[in-house]
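Trainee: Got a structure for you, written out below as structure tokens; questions coming shortly.
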Amino acid sequence: MHQKAQRLRRLLAQADILQVAGAHNGLSARLVEQAGFDAVWASGLEISAAQAVPDANILTMKDYLEAASCINEAVTIPVIADCDTGYGNANNVIRLVKKYEAAGIAAICIEDKCFPKVNSYIPGRQELAPLAEFVGKIRAAKDAQVSPDFMVIARVEALIAGWGLEEAWRRADAYVEAGADAILIHSKAKTPDEIKAFIEGWSGSVPLVVVPTSYPQVTVQQLADWGVRMVIYANVGVRAAVQAMSRVLDRLRQAGSLQAVTGEIASLQTIFDLQEMSRFQAEGKKYLRRAHDSYAVIIPAAGQPQSYDPLDALLHDRPVAMLELQGKSLLQRNVETLRQIGLQQITVITGYRAEAVNLEGITKIFNPEFSRGHILHSIMQARELFDQDLLILYGDILFEPFLLLKLLGCEGDIVLVVDNSFAQGYNPNKNLDLVVARDKPQPGKRRFMPQACNRAVRIGHRSIASHEADYEFVGIAKLSGTGSRRLRDLYDDCQRLFRDRAFHEAPNFLQASFTDLLQEAIERGQSVQLLEVNSGWMEIQNWQDYQRACQLLAQAQPTLSQPHDSGQLSRPAVALAGPGRRCQDGSLV
Ligand code: SPV
Ligand code: MG
């Protein structure tokens, strides 16, 4: 079924005369539709003019077909394609009908001149094709069409060529006899008298089409009264565009400022609307997916400082995540890193000085129990996210993009980023999340570990002695959709079982750390995989960390003489003094 051809036939069967306007591309066709015309004329003159070449078959069938297809795709109304003489003989017509019909064009119009034709308004050569030859083209076209609704309009050029009304009538009759669905009777007279005379003397049964370019004074009502069924304003679009463009360009060239012409040009919004930008955006939102789009990020940043460290002086009005580091907060730096690698869905859990967390484009969830509960409780404030891929990032760490990219590239439902360099300068005052692994870290400084092959056997910050531990948990974890659902179900289960009882290293469930839940998962047989890194992150837990971060960030500012050295930033904080704050005192909740 050919819907547009069917629609054109239905329109022709109605009482009103059809008004059709010419176009040369998708944009001009869309304007034709917006103006309320019944159909679009894919004009040979306009399409040629748009390429600044004569309307004389300088372009090929492929060029015209491409333009007609663009026009057709841009509109919902039917398109009538001006196919000149059929681009050759009857064999060429057969191919063109197949191509145009397949492209969704509702009707083609072929004219009885010799190939290559020249525009009907050009004085001089207007050579008519022999009648029999053109009849053969019409028959070929009608036999080639697939859908019965597809239309073939035969254009009589006898008046253009100066052969008179008798020849025009003779040809019109022969073309109808050959199967033409409509007759376009063309005239270049300055008044409509010639056309009127043709109509009065012709008794053909098919719809009549006219192109009143040379007799513009005629009205649609007059044409309708005379019995015309379709009027084609064949080239107004390109002529209007040329006049408007050259006037505006002249004025702009003289004025030397866009201001002089802004009142005369369409707004950008008008152009965006014509391009259907809003549909494009909606579709993008629905279908576009980048590599890590499935991930949501949770950053717990609710804890209040309780470490009695000099750093606390900077935290009286903000949580540690909002600590300024060389002109940008820690959180902002991390959010920028996340966006840089395509992670957009970022949820920050707030609590202590929640009002200070004022970044654009993040989701905030307030944890009302931030002063009593611990980090697990904070993370689970984002419970509804625990059915998709998740990245959990503690709020007091600074990290480099490559580290996250490496983590995101790891297979596994629960993957923790771990580092074993803590052992080199172990600070007993720091309360690290330690991990005992199934496989011992490889000795030596250089490692090659593209995947998280190792597994956690135990994890915790109290019950594991430093000499037993293989790694420190960095505070970055990746959960697949399966992993996040499992941890959510485990959390729900443990909340029921351990509400007021000790839960691993926590005195009660509210004060549980993330590592307590991980330990429970390990004990229930869940694989907790380890991705070993030895650079790319640092923590900001005390005054020394803070100073060191500021110093490294200052050095990391790229200058011409001193290239950016990301390696400096990536060294983990291994020789820091002062009490650690993570997990022990709830400050990092
Ligand atoms: C066209 O638009 O290309 C036509 C109509 O064939 S006219 O130019 O008026 O002859
Ligand atoms: Mg033409």
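Trainee: Of the peptides 184-190, 494-500, how do they stack up when ordered by the mean number of other Cβ atoms within 10 Å, highest first?
Mentor: Highest-to-lowest ranking by the protection proxy: 184-190, 494-500.
Trainee: If I fit a long axis through the Cα atoms of helix 3-13 and take the longest principal axis of the Cα atoms of the chain, what angle between them do I get, 0 to 90°, rounded to 10?
Mentor: 40 degrees
Trainee: Stokes-Einstein D for the range 3-243 at 4 °C, 1.567 mPa s, Kirkwood Rh over Cα pairs, in µm²/s? Let's see the in-between values first.
Mentor: On the way: Rh = 17.4 Å.
This corresponds to a translational diffusion coefficient of 74 µm²/s.
Trainee: Kindly work out what percent of the DSSP beta bridges joining two residues of the chain are antiparallel, to the nearest 5.
Mentor: Of the beta bridges lying entirely in the chain, close to 35 percent run antiparallel.
Trainee: By how many nm would the segment from GLU73 to VAL146 lengthen if fully extended, with 0.36 nm per residue of separation less the alpha-carbon distance? Could you put the intermediate results ahead of the total?
Mentor: Working: separation 73, 0.36 × 73 = 26.28 nm, distance 2.00 nm.
Full-extension gain reported as 24.3 nm.
Trainee: Over the range 140-245, what is the mean sequence separation of C-alpha contacts under 8 Å (at least six apart), divided by residue count, expressed as relative contact order in percent? List each step's numbers first, then the result.
Mentor: On the way: 138 pairs, mean separation 23.0, N = 106.
Reported as a whole number, the value is 22 percent.
Trainee: Nearest-5 percent of antiparallel DSSP beta bridges in the range 296-556?
Mentor: 60 percent
Trainee: Something else: What does the helix-only formula give at 222 nm for the chain: each DSSP H stretch with n ≥ 4 adding -39500 (n - 2.57), the total divided by the residues, and the result rounded to the nearest 500 deg cm²/dmol? All intermediate terms of the calculation are to be shown ahead of the outcome.
Mentor: Numbers: 19 runs with 208 residues, N = 589.
So the helix-based figure for the chain works out to -10500 deg cm²/dmol.
Trainee: Calculate how steeply helix 514-523 sits against the longest principal axis of the alpha-carbon atoms of the chain, using the helix alpha-carbon long axis, and give the answer as 0 to 90 degrees to the nearest 10.
Mentor: 90 degrees
Trainee: Now for a separate question. Between GLN451 and THR60, 0.36 nm times their residue separation minus their Cα-Cα distance comes to what?
Mentor: My answer for the length gained is 135.0 nm.
Trainee: Further question: With a cut-off of 8 Å between alpha carbons and a minimum separation of six or more residues, what is the relative contact order of the chain in percent? Each step should come with its number before you reach the end.
Mentor: Working: 1143 pairs, mean separation 67.2, N = 589.
After rounding, I find 11 percent.
Trainee: Using square roots of five times the C-alpha gyration tensor eigenvalues, list the equivalent-ellipsoid semi-axes of the range 296-556 in whole Å, biggest first.
Mentor: 25, 23, 19
Trainee: Report the relative contact order of the range 262-347, percent, no decimals, based on alpha-carbon pairs under 8 angstrom and at least 6 residues apart.
Mentor: This gives 33 percent for the range 262-347.
Trainee: Write down the accessible area per residue of the range 3-243 in Å², having rolled a 1.4 Å probe over the full set of protein chains.
Mentor: Values: 9780 Å² over 241 residues.
With all protein chains present, the range 3-243 gives 41 Å² per residue.
Trainee: Using per-residue counts of other Cβ atoms within 10 Å, averaged over each peptide, order 119-126, 321-328 from highest down.
Mentor: The peptides rank, most packed first, as 321-328, 119-126.
Trainee: Here is the link list: LYS99/LYS142; LYS99/LYS285; LYS62/LYS98; LYS62/LYS117; LYS285/LYS406; LYS113/LYS190. Which ones come out longer than 23 Å on Cα distance? Write out the running numbers ahead of the final one.
Mentor: Values: LYS99/LYS142 14 Å; LYS99/LYS285 35 Å; LYS62/LYS98 13 Å; LYS62/LYS117 16 Å; LYS285/LYS406 27 Å; LYS113/LYS190 21 Å.
Violating the 23 Å limit, Cα to Cα: LYS99/LYS285; LYS285/LYS406.
Trainee: Counting only protein heavy atoms and a 1.4 Å probe, tell me what percentage of the chain's accessible area is made up of carbon and sulfur.
Mentor: On the way: 13830 of 26490 Å².
C and S fraction of accessible area: 52 percent.
Trainee: Within a Cβ distance under 14 Å of GLU523, other residues only, what is the Lys/Arg minus Asp/Glu net charge?
Mentor: Numbers: positive: ARG455, ARG458, ARG486, ARG524; negative: ASP493, GLU505, ASP516, GLU520.
Summing Lys and Arg as +1 and Asp and Glu as -1 gives 0.
Trainee: Please give, to one decimal in nm, the separation of the simple spin-label points placed at SER466 and ARG253, each 7 Å out from Cα toward the Cβ.
Mentor: About 7.9 nm, to one decimal.
Trainee: Taking the alpha-carbon distance from LYS440 and a cut-off under 18 Å, which aspartates and glutamates remain once sequence neighbours fewer than 8 residues away in the same chain are dropped?
Mentor: Here the aspartates and glutamates satisfying the reach criterion relative to LYS440 are ASP419, GLU468, ASP470, GLU472, GLU532.
Trainee: Okay, moving on. Per 20 Å bin from zero, what fraction in whole % of the C-alpha pairs of the chain is there, up to the bin with the longest pair?
Mentor: 17, 31, 14, 24, 13, 1
Trainee: Then there is this: Compute the long axis of helix 330-340 from its Cα atoms, compare it with the longest principal axis of the Cα atoms of the chain, and write down the angle in degrees, 0 to 90, nearest 10.
Mentor: With both axes taken from Cα atoms, the answer is about 40 degrees.
Trainee: Can I ask one more? Where Lys and Arg each count +1 and Asp and Glu each count -1, what net charge lies around GLY179 among other residues with Cβ under 10 Å from its Cβ? Intermediate results must be reported in sequence, preceding the final value.
Mentor: Numbers: positive: ARG139, LYS142; negative: ASP143, GLU177, ASP181.
The answer is -1.
Trainee: How large is ³J(HN,Hα), in whole Hz, for each residue of the range 20-25 in order, when computed from phi with the Karplus curve 6.51 cos²θ - 1.76 cosθ + 1.60 and θ = phi - 60°, using x for Gly and Pro?
Mentor: Karplus values, whole Hz, x for Gly and Pro: 10, 10, x, 8, 10, 7.
Trainee: Go through the range 466-480 residue by residue and turn each phi into a ³J(HN,Hα) via Karplus (6.51, -1.76, 1.60, θ = phi - 60°); whole Hz please, and just put x for glycine and proline.
Mentor: 4, 6, 7, 6, 9, 9, 10, 7, 6, x, 10, 9, 10, 10, 6
The values are calculated or read from the model by the stated rules, or taken from the named source; none is laboratory data. Bear in mind that the values here come from a model prediction, so they are computed numbers and not experimental data. Please note: Cβ atoms are built from the backbone with ideal geometry, for glycine as well, and neighbour counts cover all protein chains shown. Heavy atoms of the whole protein, side chains included, go into the accessibility calculation; ligands, DNA and RNA do not. Shrake-Rupley method; radii C 1.70, N 1.55, O 1.52, S 1.80 Å.
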